[in-house]
Amino acid sequence: METPLGQVRGLGSAHEGAGHWWHERMSSIATLLLGIWLAVSLFRLPSLDHGVVVEWLSSTVNASAMLLLVVSTFWHIRMGLQVFIEDYVHEEGNKTFLLLLLNFAVAIAAAIAIVALLKLAVGGSAV
Amino acid sequence: MHRNPARPLSPHLTHYRWGPHMLVSILHRLTGDGAAIVGGALLVWWLAAAAGGPEAYASFVQVATLPWLLIIWIPLSWGIIQHTLSGLRHLVMDIGAGYELRANKAMAVATLIVSLLLTALLWVYILGVI
């Protein structure tokens, strides 16, 4: 009889044990930089009225930065909420269901935000 | 798992004297997960409303500027600021720095003071402008 440890000993590391940790840090730094950009941009806008916001997001640079912000923010949100679920939900079935729900919710939210941004970037002046 | 009851257990949270590092640690989790859910939803709503046209945007503004919603906006803004500052603290500790008791405590207290200050400044600015 072989223990689980004995079965894997000597096979080497999967080299992805720190993957989640690294993605959480990387997305935190990206979100920080883009968040500062967003805060400064919003302060500099004359108002947050519809026309002003639409014109601001119709610029290629602003739309691109906003798209990157959406991607890095929702990636970071996904990483963080995953840890919350894994730390506090111990029943395997509930945990699997909540992680599935989290991934779906984040994907849907990011998709809506990105499609909205593309509409503004491509047809912003038409609105 | 077998456990020998004669062996001592590792002391858990309630055995330690409460310190600012513990408060900042749990606040990092609470503010992060709170801002993720509330802030994430609001970000999507704002962008979708902007793309939806003037009427969709007007209804977003109408709801977002309801005075009683400051109960959400002010804690949300503080949460994002606090999470950012305690996140920077974590990045410092990730490179192996700031573990000396005095420095660690000072950093933890600093995130709390600066986040409250920045939140106050932000809302003085916003409410002053409106």
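Table for the structure above
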{"quantity": "Virtual spin-label span in nm between B:N4 and A:Y88, 7 Å along Cα→Cβ", "calculated": "3.7"}
{"quantity": "3J(HN,Hα) from dihedral phi, region B:22-34, Karplus parametrisation 6.51/-1.76/1.60, rounded to Hz, x for glycine, proline", "calculated": "6, 4, 5, 5, 6, 5, 4, 5, 5, 5, x, 6, x"}
{"quantity": "Nearest 10 degrees, 0 to 90: helix A:92-123 Cα axis against chain A principal axis", "calculated": "20"}
{"quantity": "Portion, in percent, of the accessible area of region B:22-110 that falls on carbon or sulfur, probe 1.4 Å", "calculated": "76"}
{"quantity": "Computed helical MRE - 222 nm, the protein assembly as shown, DSSP H runs ≥ 4 contributing -39500 (n - 2.57), nearest 500", "calculated": "-27000 deg cm²/dmol"}
{"quantity": "From phi via Karplus (6.51, -1.76, 1.60), per-residue ³J(HN,Hα) for region B:5-14 in Hz, x at Gly/Pro", "calculated": "x, 6, 7, x, 8, 5, x, 9, 2, 5"}
{"quantity": "Acute angle (nearest 10 degrees) that the helix A:19-44 long axis makes with the longest principal axis of chain A, alpha-carbon atoms", "calculated": "10"}
{"quantity": "Two-site label geometry, B:L66 and B:L112: point separation in nm, points 7 Å out along Cα→Cβ", "calculated": "3.3"}
{"quantity": "Per-residue SASA entry for A:T3, accessible area with 1.4 Å probe, Å² rounded to 10", "calculated": "80"}
{"quantity": "Volume of the Cα convex hull of region B:21-130, divided per residue and given in Å³", "calculated": "107"}
{"quantity": "Area of A:D87 that stays accessible when all protein chains are in place (1.4 Å probe, Å², to 10)", "calculated": "70"}
{"quantity": "Chain B, relative contact order in percent, only Cα pairs under 8 angstrom and at least six apart counted", "calculated": "34"}
{"quantity": "GluC sites (Glu not before Pro), loop per DSSP, at most 10 other Cβ atoms within 10 Å - longest free stretch of chain A", "calculated": "A:17-90"}
{"quantity": "Angle between chain B longest axis and helix B:54-64 axis [Cα atoms, degrees, rounded to 10]", "calculated": "50"}
{"quantity": "Computed FRET value (nearest 0.05) for B:L88 with A:H15, which takes r as the C-beta separation and R₀ as 22 Å", "calculated": "0.20"}
{"quantity": "Solvent-accessible surface ranking, highest first, for B:H12, A:H20, A:H15 at 1.4 angstrom", "calculated": "A:H15, B:H12, A:H20"}
{"quantity": "Karplus-derived 3J(HN,Hα), 6.51/-1.76/1.60, for each residue of region B:112-127, Hz, glycine and proline x", "calculated": "5, 5, 5, 5, 5, 4, 5, 5, 4, 4, 4, 7, 5, 5, 5, 5"}
{"quantity": "Accessible area, probe 1.4 Å, largest first, for residues B:L112, A:L120, B:L23, B:L30", "calculated": "B:L30, B:L23, B:L112, A:L120"}
{"quantity": "Loop sites in region B:14-55: chymotrypsin sites (Phe, Trp or Tyr not before Pro), DSSP, at most 15 other Cβ within 10 Å", "calculated": "B:Y16, B:W18"}
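The values are calculated or read from the model by the stated rules, or taken from the named source; none is laboratory data. Model, not experiment: these values are computed from the prediction. Every residue, glycine as well, gets a Cβ built from its backbone with ideal geometry; the counts of neighbours run over all protein chains shown. Only protein heavy atoms, including side chains, enter the accessible area calculation; ligands, DNA and RNA are left aside. Shrake-Rupley method; radii C 1.70, N 1.55, O 1.52, S 1.80 Å.
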